[in-house]
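Everything on this sheet refers to the single structure shown next.
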Amino acid sequence: MHPDVHAFFDEATNTITYLLREPNGRSCAVIDSVLDFDYASGRTDTRSADAVIAYIRAEGLALQWVLETHVHADHLSAAPYIQEALGGQIGIGDQITVVQETFGKVFNEGTRFARDGSQFDRLFRDGDSLMVGQMRVDVMHTPGHTPACLTYVAGDAAFVGDTLFMPDFGTARCDFPGGSAAVMYDSVQRILTLPDATRIFVGHDYKAPGREDFAWESTVGAQKALNVHVGAGRNRDDFVALREKRDATLAMPRLIIPSLQINMRAGQMPEPEDNGLSYLKVPLNGL
């Protein structure tokens, strides 16, 4: 099966949102949506999500799922906004509960913040599947970047979130709470057991040095041969050493504080206070 995939690139966060459409049908799913956010002013904007919504409406499609590959630390999710406009269910990996417990403590959330994943409509386990019209989408648990990371596989298309980047850029960092370079290596090896022709759709692109254009699609075969972190048969110990050394040099993502607080709530804002406004916390020296 060769499903249709349409990509929406958000240059502000280097994020790619995907529209996955069943072949010969009208049903679709949105993967890793973006809610625009200006940190300096504290203002949100829906232009990126509106572009996705407009495309779905123009194509006459029926949205069934708004899927997250993980709790993003670099952009806000527009899942509830898209759901309100078009319907569908919001889904994420069942290990979201681990992320909620971890960051519920970091942000000192009270008892009103549920840590059971109930903010989402569906929690997926490894080996689960979902249907987009007549197309089956299989779920692989691929942790390492975060405990809840998933890869969605539909026919010859795999949506890997932040687990893999383009071959010339490598893999995602593993130094967030609950991350693990060793676990990441094992997850990548699972993805690379898919057929070589499988299309790999990555969650971000940052243009590796020497490349002029943004890109977000490769193949399993290209990743196995060319990925600068895991390709050409690099072993587990060498990858862990390389990944941990690189992670030690990386700054925190610019939007990590608002992103985590909102995305662990399935894209919902914190509960408004008595003046009707929602507020975000900044844990000083907490990350």
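What follows is calculated from the coordinates using simple rules that are stated; it is not laboratory data. Quick caveat, the model's predicted, so the values are computed rather than measured. Reconstructed Cβ throughout: ideal geometry from the backbone, glycine too, with neighbour counts over all protein chains shown.
Any chance you could count how many residues in segment 109-152 are of a type in the set (Val, Ile, Thr), in a strand (DSSP E or B) and within 18 Å of residue 172 (Cβ to Cβ)? Residues in segment 109-152 being of a type in the set (Val, Ile, Thr), in a strand (DSSP E or B) and within 18 Å of residue 172 (Cβ to Cβ): 1 in total.
The residue that is surrounded by the fewest Cβ atoms within 10 Å (Cβ to Cβ), counting only those in segment 119-134 that are within 17 Å of residue 87 (Cβ to Cβ) and hydrophobic (A, V, I, L, M, F, W, C), is 131. Scanning segment 14-55 for residues that are in contact with a helix residue (DSSP H, G or I) (Cβ under 9 Å, 6 or more places away or on another chain), of a type in the set (Val, Ile, Thr) and surrounded by 21 or more Cβ atoms within 10 Å (Cβ to Cβ), we see that the one that is farthest from residue 213 (Cα to Cα) is 30. Just one of the numbered conditions (1) of a type outside the set (D, E, K, R); (2) buried (at least 21 other Cβ atoms within 10 Å of the Cβ); (3) assigned to a loop (DSSP other than H, G, I, E, B) is not true of residue 82: (3).
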